[in-house]
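Written out below as C-alpha cells is the structure these notes cover.
The values are calculated or read from the model by the stated rules, or taken from the named source; none is laboratory data. This is a predicted model, so every value here is computed, not measured. Positions of Cβ are backbone-derived with ideal geometry, glycine not excepted, and every protein chain shown enters the neighbour counts. Ligands, DNA and RNA are excluded from the accessible area calculation, which covers all protein heavy atoms including side chains. Shrake-Rupley method; radii C 1.70, N 1.55, O 1.52, S 1.80 Å.
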Amino acid sequence: MIVAANLKTNLTRQETLEYVETLSNTNIAQGTKVLVFPATSSLNSFNTSLTIGAQNAYPTKNGAFTGEIGLVHLQEFNIKSILLGHSERRHILGETQEKIVEKFNFFKEQGFEIVYCVGERLQEREAGLEATLAYIQKQYEGIDTSYEKLTVAYEPVWAIGTGLVPTLVDIETIHSELKKLSSAPLLYGGSVKLNNVKDIYNVPNVDGVLVGSAALEVKDFSAMVEIANSISK
Ligand code: PEP
C-alpha cells in the first residue's frame, strides 16, 4: 500500500520537522510506502527514510518565474518526487492541462517519481458515470501513462475536504476503469479518515490513499500507515 500525505498550505518549517520526525518512528512494513508532501517553504533536509515530495514546482531548472521554485530548489533537499495535477491547482490556481503536461514532461525527464491527480467535479458526477469518465479521460491527455515512476491518484473534487466520500462500489467502479488507462499504482483521495481508510484499502484496484486534512494530525496519519501494514493485496 502507498500512503501519502498532502500537507497543503499547513505546518510551518518547524512543525513539519517535528511531523516528519514523529512519523519516521512509525513501523513501515515491506509492502508499505509512505510519502509526505510538505508546503514548499517547509521543504528541508530531513533525516528520514520516508519519501518527501514537492506539492508543486515550475518546469525549469531556475530562472525568472517570480513566486515559483525550480529544479535547483528541489535538488538542494534531494527531492525526487512531485505531486502534479492536484484539483486545487487545476481549479483554484487555474493550472491548465497543457501546463500540467509541461510539468509532467519536465519532471519525467529529470527522473522524478510523479503522483498525478485526476478527478471529476460534482457536475460530472451528477451527470453520471459516462460523463465522469469522459472528464477524467481528458486529464490523461498528454500524460505518459506508462512512465515507470508514475502513481495516479483518483480524487473526486467534490470529495476533497468535504467529508463526502463515494461509496466503496463507486470507488471500485472508477478504479477498475482507470486501471484500463494506466497500470500505474492507483491511489484514492478525498476525505479519507482513520475510520474509513481500512475499507478503502480493501477495495479492489486501490493501491493506497492520498490524504489531506486527516493527515495533519501525525498520530492519525501514522495510524493509517499501521493499518496499511496489515493489508496484503
Ligand atoms: C487532497 O487534497 O489531496 C485530499 C485528499 O484532501 P482531503 O483528504 O482533505 O479530502
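In region 187-233, which residues are small (Gly, Ala, Ser) and either modelled with pLDDT under 95 or part of a loop (DSSP other than H, G, I, E, B) (or both)?
The answer is GLY190, SER191, GLY212, SER230, SER232.
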The number of residues in region 167-201 that are without any contact (Cβ under 8 Å) to a residue 40 or more places away in the chain and in contact with a helix residue (DSSP H, G or I) (Cβ under 8 Å, 6 or more places away or on another chain) is 12
Matching residues in region 58-78 (among the polar types (S, T, N, Q), assigned to a loop (DSSP other than H, G, I, E, B) and surrounded by 12 or more Cβ atoms within 10 Å (Cβ to Cβ)) number 2
From the option list ALA228, ALA153, single residue qualifying as closer than 27 Å to THR96 by Cα and among the hydrophobic types (A, V, I, L, M, F, W, C) is ALA153
Considering residues that are within 24 Å of SER232 (Cβ to Cβ) and not aliphatic (A, V, I, L, M), the number found within region 24-74 is 10
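Of everything in region 187-218, what is more than 10 Å from the ligand (Cβ to nearest atom) and open to solvent by less than 10 Å² (accessible area, probe 1.4 Å)? Give them in sequence order. Steps first, please.
Narrowing region 187-218 to residues more than 10 Å from the ligand (Cβ to nearest atom): 194-208, 217-218.
VAL197, ILE200, TYR201, VAL203, VAL206, GLY208 - these are the residues of region 187-218 that are more than 10 Å from the ligand (Cβ to nearest atom) and open to solvent by less than 10 Å² (accessible area, probe 1.4 Å).
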Considering residues that are of a type in the set (A, V, I, L, M, F, W, C) and over 19 Å from GLY190 (Cβ atoms), the number found within region 110-165 is 5
Subset of region 164-186, residues closer than 18 Å to TYR116 by Cα and assigned to a helix (DSSP H, G or I), comes to ILE171, ILE174, HIS175, SER176, GLU177, LEU178, LYS179, LYS180, LEU181
Those residues of region 26-44 which are more than 14 Å from SER81 (Cα to Cα), touching a residue at least 24 places away in the same chain (Cβ under 8 Å) and assigned to a loop (DSSP other than H, G, I, E, B) amount to THR26, ASN27, ILE28, ALA29, GLY31, THR32
Of the residues in region 80-123 that are aliphatic (A, V, I, L, M) and open to solvent by less than 30 Å² (accessible area, probe 1.4 Å), the one that is farthest from the ligand (Cβ to nearest atom) is VAL101
Subset of region 27-70, residues among the aliphatic types (A, V, I, L, M) and under 21 Å from LEU7 (Cβ atoms), comes to ILE28, VAL34, LEU35, VAL36, ALA39, LEU43, LEU50, ILE52, ALA54, ALA57, ILE69
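Could you look through region 2-25, keep only residues that are within 13 Å of the chain's Cα centre (by Cα) and either in a loop (DSSP other than H, G, I, E, B) or of a type in the set (Lys, Arg) (or both), and pick out the one that is farthest from the ligand (Cβ to nearest atom)? Reasoning before the result, please.
If we filter region 2-25 for residues that are within 13 Å of the chain's Cα centre (by Cα), which is where we start, we get 2-8.
Among the residues that remain, those that are also either in a loop (DSSP other than H, G, I, E, B) or of a type in the set (Lys, Arg) (or both) are: 7-8.
Values: LEU7: 10, LYS8: 7 Å.
Per the criteria, the residue is LEU7.
If I ask for residues that are open to solvent by 40 Å² or more (accessible area, probe 1.4 Å) and farther than 14 Å from ASN202 by Cα, which ones from region 159-181 would you list?
Taking region 159-181 and keeping what is open to solvent by 40 Å² or more (accessible area, probe 1.4 Å), we get 161-165, 167-170, 172-173, 176-177, 179-181.
Once the filter is applied, which keeps residues that are open to solvent by 40 Å² or more (accessible area, probe 1.4 Å) and farther than 14 Å from ASN202 by Cα, region 159-181 yields GLY161, THR162, GLY163, LEU164, VAL165, GLU177, LYS179, LYS180, LEU181.
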Over region 136-157, the set of residues over 17 Å from ASP207 (Cα atoms), without any contact (Cβ under 8 Å) to a residue 60 or more places away in the chain and either within 10 Å of the ligand (Cβ to nearest atom) or open to solvent by 50 Å² or more (accessible area, probe 1.4 Å) (or both) is GLN137, LYS138, GLU141, GLY142
